[in-house]
Amino acid sequence: KGVIDDCSCSVETLDSFNNLRLYPRLNSLLQYDYFRYWKVNLNKECPFWEDDSKCAIRYCSVKPCTDQEDPENGSQGEESNVGESDASNRASSDKKVPEGIKGAPIDRSEKKQKEKSHMVPGHCDGENDLGYLNTTLSKESKVGFKRWAAHDDAQLNFCKIDDESSEDSEYVDLLLNPERYTGYAGPSAHRIWRTIYQENCFKPSRAIGRYTDFSSIGANDFLKEMCLEKRTFYRAISGLHTSINIHLSANYLLSDQNGFEVSKDGQWGPNVQEFQARFDPELTGGEGPLRLKNLYFVYLLELRALAKAAPYLESLEYYTGNESEDNDVSKAVKDLLTVVKSFPEHFDESSMFSGGQQAAKLKEEFRQHFWNVSRIMDCVGCDKCRLWGKLQVTGLGTALKILFSGNLDQPGNQNLDLPAARHAKFQLSRIEIVALINAFGRLSSSIMALENFRQSITKR
Ligand code: FAD
């Protein structure tokens, strides 16, 4: 309950906005093919330590797109997510990734895309912009240019994005692999969270050099000593952590009284005790409610990013090759963004990183810390957790890019602290767009799940 720290709006306002207006729209948008398939490399080696822990629990595995069987005839079908029955229904069909998504020849769209790239403000098609140069440059120098452009882009990005062209990158059907309890826990999971909090979250100066884990000392005391930017970093990560832990509690593997699974493929549903163990004030030394508020905080951050990028997102085509579905998606995106923009108390990103050299340095540090967090996701030892961890970190990184790269700010009010922002036009890849909307969908569904937990606990 009450006001969300570092924002002016209250938990109650956000609850009713999300649960009544936003969640139903977002949930139905995420059923469409454009947002359903995401390309990701789950085989990257951990860049920080020797991979010690490949999770062998069957619920950790990710089912490949090409390998689906009819759920009535085999065990590979959709696993139902409580509260997400639309997803279950739709995911049960034997679908493959649409050719339009995979980048097969797209006559109609290519033509439109070319027309659009000259008309839509903010749309950038590098190849078209090259024009005459593109046809006369030697092959080597074109490769050189591409490398330069990629490097330039990387300077604007807050997270490391997988190389789509890598042989190890594969499309994953997100509806077929819902985020839920997997059993991933213990030293491997703790090492990931500890590395993120201890080595990549900012610390107040009195804590530097000490073995300090926010989580064991009580984050709130430390947060009071830090500036808004550093608090934002911590709250965003903690909010993401909260969201993951709410989902595993809301979609828990339910077992009978003897601890055996109810059915071969398991039965999934909310586990109130699991939720309380993680968030009850008395069971968590008062930390639980603060962690829940961090969920609302990161929700507001991503909500603001969507509002800010709305003109760009409304101009995109969401091409899959299925014309009627693509039109429906465009309409649904516009409808969602109208609701997003109508929210009266948006997070104010202009209060961050303002004021000269020091602020620019802090922003670069912030970006590099988040970049590291995105690389740590390749160390997550459970494939399904790695998938959703990467997706949500990419979505949050994309939101940070929208808010802080400076490219979407009003002319005359441009925040050009990052060097690459001086000449780059704003654009997002499909990987970023799908991650942005799905990551926000996860936060929205966590807030909805909270309401259900609240009701169950009140009834008791
Ligand atoms: P953990 O959640 O591991 O937390 C470690 C410590 O951090 C806690 O002891 C506490 O002191 C502190 N802490 C806890 N929550 C917060 C917070 N919100 N903010 C600040 N500090 C906090 N498990 C699944 O079943 N399904 C998944 O899809 C899944 N995805 C994951 C994705 C990632 C990237 C990671 C790293 C883990 C994932 N896990 C998943 C594991 C899950 O998050 C927990 O690590 C696991 O359930 C063990 O929980 P725990 O109670 O030991 O505490």
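A short reminder: the numbers here are calculations on the coordinates, not readings from a lab. Quick caveat: nothing in here was measured; it's all calculated off a predicted structure. Here Cβ is always computed from backbone atoms with ideal geometry, including for glycine, and neighbour counts include all displayed protein chains.
Length gained on full extension, Glu12 to Ser351, computed as 0.36 nm times the residue gap minus the Cα-Cα distance: 119.6 nm.
Residues of segment 289-333 falling in the label zone of Gln31, defined by backbone nitrogen less than 20 Å from a point 7 Å along Cα to beta-carbon, are 318-333. For segment 318-357 versus segment 11-50, the spacing of their alpha-carbon centroids is 14 Å. The stretch between His190 and Asn41, if pulled fully straight at 0.36 nm per residue, gains 51.4 nm over its current Cα-Cα span. The label point for Arg454 and the one for Lys331, both projected 7 Å from the Cα toward the Cβ, are 3.3 nm apart. Compared with the direct C-alpha span, the chain from Thr284 to Glu50 gains 81.0 nm at full extension, assuming 0.36 nm per residue. From the cross-link list Lys39/Lys390; Lys39/Lys425; Lys334/Lys384; Lys44/Lys425, which pairs have alpha carbons spaced over 20 Å apart? Going by Cα-Cα distance, Lys39/Lys425; Lys334/Lys384; Lys44/Lys425 fall outside the 20 Å limit.
A simple charge model with +1 on the Cβ of Lys and Arg, -1 on the Cβ of Asp and Glu and nothing else charged puts the dipole of segment 246-363 at about 620 debye relative to its Cα centre.
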